[in-house]
Every structure is written in structure tokens, then in C-alpha cells.
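Chemist: Got a structure for you, questions after.
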Amino acid sequence: DAGVTQSPTHLIKTRGQHVTLRCSPISGHKSVSWYQQVLGQGPQFIFQYYEKEERGRGNFPDRFSARQFPNYSSELNVNALLLGDSALYLCASSLWGHTENTGELFFGEGSRLTVL
Amino acid sequence: RKEVEQDPGPFNVPEGATVAFNCTYSNSASQSFFWYRQDCRKEPKLLMSVYSSGNEDGRFTAQLNRASQYISLLIRDSKLSDSATYLCVVVPVEGNKLVFGAGTILRVKS
């Protein structure tokens with residue numbers, strides 16, 4: 001069975017550009033979350049979507065946005081890129097939605113974004 | 001103060017050693033706790049859940065002390081393959097996200 005898939009795996013952008021990252025969850029998983037991991041730090045929560053609705057938003061500026069499609073895949077968009085946006089962007093899927101959190105997220109291998 | 005704090009290490013230990021990692025969390029209302037493992041340049045993966053009664057899985061033992069807001073992970077008989085970053089994870093009361101510590105690096109050497 002396919003795990004969580006993300007694309008692209010690596011990308012280089014310049015300041016001020018925008019980027020769209022894509023994620024396909026494990027089949028049957030209705031929840032998708034996005035995390036940012038800066039080198040040397042743990043992943044930091046950006047968004048959670050469950051059944052196509054935003055269920056949580058982390059402490060990120062409005063330049064970050066996301067959505068979930070009817071097939072449960074998801075996109076993360078970042079506008080007006082800054083140098084500090086350089087990071088590994090991880091998508092994770094899970095069965096749980098909001099209250100039944102088992103704590104198990106299945107992560108994709110991530111999209112490594114470099115902003116020059 | 002960070003929500004989840006860990007000693008970044010690295011912990012350099014010989015094969016066969018016992019090593020312990022600690023983690024503290026700031027929100028006493030946090031509802032559940034986990035350890036994740038992340039290999040170099042790979043994605044994090046769930047290692048084990050953490051309960052007040054303790055949780056053992058083979059060579060790994062995790063423990064939660066709610067009164068002290070403290071989580072531990074003990075690895076016995078370390079293997080080379082245990083070399084990784086160990087991430088302490090807390091689920092806050094709102095339940096819709098995981099809050100990760102910065103991770104503790106373990107290097108097991110032959």
C-alpha cells in the first residue's frame with residue numbers, strides 16, 4: 001500500500017515567489033496535516049484538515065494557506081517567500097479527526113524548500 | 001518557554017549501553033504523549049505511546065510523570081540501528097495537532 005506521497009521532493013525558489021506543495025494521504029485517511037521542520041528543530045504545526053474543513057492552524061502568517069480536496073489530497077501554498085521559509089515541509093495523514101487523537105501521524109518524506 | 005523541551009545531545013554511546021532521554025512539557029492540560037523517531041533526512045515515525053503506568057516495547061521503555069510534567073524514554077542494549085533523533089511529542093487539549101520537541105540525537109557506536 002502506498003504511504004503518504006508528497007511532491008515535489010526538492011525545490012529552489014527566490015524571495016518573493018510563491019510555492020505550492022502537494023500531498024496525497026494514505027488511502028482511507030481523511031485527515032491531512034502540514035508541518036514545517038527547520039534544520040535542527042522538531043516539526044512545527046501549520047494546518048490540519050479533516051473532511052475538507054480546516055480544523056487547526058498554527059502560528060504562521062497569512063502567507064501560508066492550504067486546502068483539502070474531495071479526494072482528501074491537500075495543497076500547501078506559501079506566498080511572498082522569505083529566506084526563513086527554507087525548511088522541510090512535511091505532510092501527514094491520519095484516521096483521526098479532532099477529538100479521537102491517537103497521536104499516530106503517518107508522515108510523507110517531505111518537500112525540501114530552499115529560498116534564495 | 002518552549003512547550004516541549006529536550007536535551008539536544010548528542011548522546012554518544014557504545015553498543016549494548018543503556019541510555020535515557022528526558023523531556024519536559026509546559027502545559028499541564030496536555031492530553032497524551034508520544035515518542036517519535038526520525039532518521040537522518042527522513043520523516044518522523046511513531047516509536048511508542050507514553051502512559052503514566054509506563055509502556056514497554058522490547059528494549060524501549062517510556063514513562064510519564066504528570067505531576068512533574070516529565071516524560072522519559074529508556075533504551076536498553078543499544079544497537080547501531082538505534083542511531084537517530086528521538087522526538088518527544090505532546091498532544092494539547094485541543095487535540096488537533098502534535099507539538100514536537102526539538103529532538104535528542106543518539107549515536108550508537110561499535
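Chemist: One residue is enough: does region A:100-108 have a residue meeting the conditions of a type outside the set (Ser, Thr, Tyr) and outside any loop (DSSP other than H, G, I, E, B)?
Modeler: Taking every residue of region A:100-108 in turn, at least one turns out to be of a type outside the set (Ser, Thr, Tyr) and outside any loop (DSSP other than H, G, I, E, B).
Chemist: Just to be sure I understand, how many residues within region B:32-56 are within 14 Å of chain A (Cβ to nearest Cβ) and surrounded by fewer than 21 Cβ atoms within 10 Å (Cβ to Cβ)?
Modeler: 13
Chemist: If you go through region A:21-50 one residue at a time, how many are open to solvent by 60 Å² or more (accessible area, probe 1.4 Å) and of a type in the set (Ser, Thr, Tyr)?
Modeler: Number satisfying all stated conditions: 1.
Chemist: Please determine, by comparing only the residues of region B:64-110 that are open to solvent by 10 Å² or more (accessible area, probe 1.4 Å), within 14 Å of chain A (Cβ to nearest Cβ) and in contact with a Pro (Cβ under 7 Å, 6 or more places away or on another chain), which one is nearest to residue A:40 (Cα to Cα).
Modeler: Step by step, filter region B:64-110, then rank; the result is B:102.
Chemist: Related question: So which residues in region A:56-72 are surrounded by 20 or more Cβ atoms within 10 Å (Cβ to Cβ) and either among the polar types (S, T, N, Q) or part of a loop (DSSP other than H, G, I, E, B) (or both), if there are any at all?
Modeler: A:68, A:72
Chemist: Moving to a separate point now. Is it the case that region A:80-94 has a residue that's within 13 Å of chain B (Cβ to nearest Cβ) and open to solvent by 70 Å² or more (accessible area, probe 1.4 Å)?
Modeler: no
Chemist: Give region A:32-42 a look and list any residue that's within 9 Å of chain B (Cβ to nearest Cβ) and either in contact (Cβ under 8 Å) with a residue 60 or more places away in the chain or in a strand (DSSP E or B) (or both), or say none.
Modeler: Residues satisfying the conditions are A:33, A:35, A:37.
Chemist: Quick one: residue B:21 ticks every box in (1) under 28 Å from residue A:32 (Cα atoms); (2) of a type outside the set (Asp, Glu); (3) crowded, with 18+ Cβ neighbours inside 10 Å; (4) within 13 Å of the chain's Cα centre (by Cα) bar one, so which box is it?
Modeler: (1)
Chemist: Only one residue in A:75, A:53 is open to solvent by 60 Å² or more (accessible area, probe 1.4 Å) and more than 10 Å from chain B (Cβ to nearest Cβ). Which one?
Modeler: A:53
The values are calculated or read from the model by the stated rules, or taken from the named source; none is laboratory data. As the structure is a prediction and not an experimental result, all values here were calculated from the model. When we count neighbours, we look across all protein chains shown, and the Cβ atoms used for this are built from the backbone with ideal geometry, even at glycine. What goes into the accessible areas is simple: the full protein's heavy atoms, side chains included, and nothing from ligands, DNA or RNA. Shrake-Rupley method; radii C 1.70, N 1.55, O 1.52, S 1.80 Å.
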